[in-house]
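Values quoted throughout were computed directly from the atomic coordinates according to the rules given, and no laboratory measurement underlies them. Because the structure is a prediction, the values reported are computed rather than measured. Cβ placement follows ideal geometry from the backbone for every residue including glycine, while neighbour counts extend to all protein chains displayed.
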Amino acid sequence: MFEEYLKDAHFFLTKAIDESEIELSQRYYRVSIFCELCAIESYVNYIAQPLELAEVMNTHETAFLLEKKVELIGDKFEIIDKMQFQKLEDKLRFLIIRFDKTFDFEKNPCWPRFMELKRKRDELTHPRHDKDDTSVSSYERISKNGLNAIIEIINRLSTAIFKRGLRKQILDLIF
């Protein structure tokens, strides 16, 4: 599903850019932002299962990605069927550190752009004001940079974990 969400994000971002009515443009940008974050959350969930089956991580790492609790049962740690939610950025940071040793969080612009996108999504999800006063130009910058960052992060992780990147059709969504 993550590819569909990326396509949806691109579709609504393009609609927002082309829209002359400010309110409608903002509406399209908001939808694009939500789809972008859905895409990367979906991707993390998508790869957690194959990583668990491949047994490339220890019990604690697997539980962390699957958002499950770990308990000491007898003489070993086991994943139990109780939820323990993790922040998306923590799961991504773990995956990047674990599988992509060349990624530099300080120098690679995609990470701060992803974090800015996430902050904007969180702000939209938990509004402090009655009215959205985000300018169209701010929305465009955040949404474009966010989509590009998410595609880069997913592509790097796919290359590092599965030894192949995203399909060209998805890479072509980059602005």
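Backbone amide hydrogens, once placed in the peptide plane, bring GLY165 within less than 5 Å of nothing, excluding anything fewer than 5 places away on its chain. Amide H contacts of LEU173: none lie under 5 Å away among residues 5 or more positions distant or on a separate chain (H built 1.01 Å from N in the peptide plane; Pro and chain starts excluded). Its DSSP H runs of at least 4 residues, each contributing -39,500 (n - 2.57), put the calculated 222 nm mean residue ellipticity of the chain at -22500 deg cm²/dmol, to the nearest 500. Shape verdict for segment 81-175, please, from the Cα gyration tensor: rounded (a/c under 1.5), prolate (a/b greater than b/c) or oblate. Oblate.
Counting only Cα atoms, the chain measures 63, 38, 30 Å along its principal axes, largest extent leading. Here the label points at LEU88 and GLU67, each 7 Å from Cα along the C-beta direction, are separated by 1.1 nm in the simple model. For an R0 of 41 angstrom, estimate the FRET efficiency from the Cβ-Cβ distance between ILE22 and LEU171 and round to the nearest 0.05. Efficiency for this residue pair is about 0.85. Taking a straight Cα-Cα cut-off under 23 Å and skipping sequence neighbours fewer than 8 places away in the same chain, the lysines within cross-link reach of LYS131 are LYS15, LYS118, LYS120, LYS144. Measuring r between the beta carbons of THR159 and ASP130 and using R0 = 41 Å, the FRET efficiency lands at 0.40. Close amide-amide hydrogen proximity is noted between LYS68 and GLN84, each under 5 Å apart and 5 or more residues distant or on a separate chain (H modeled in the peptide plane; Pro and chain starts excluded).
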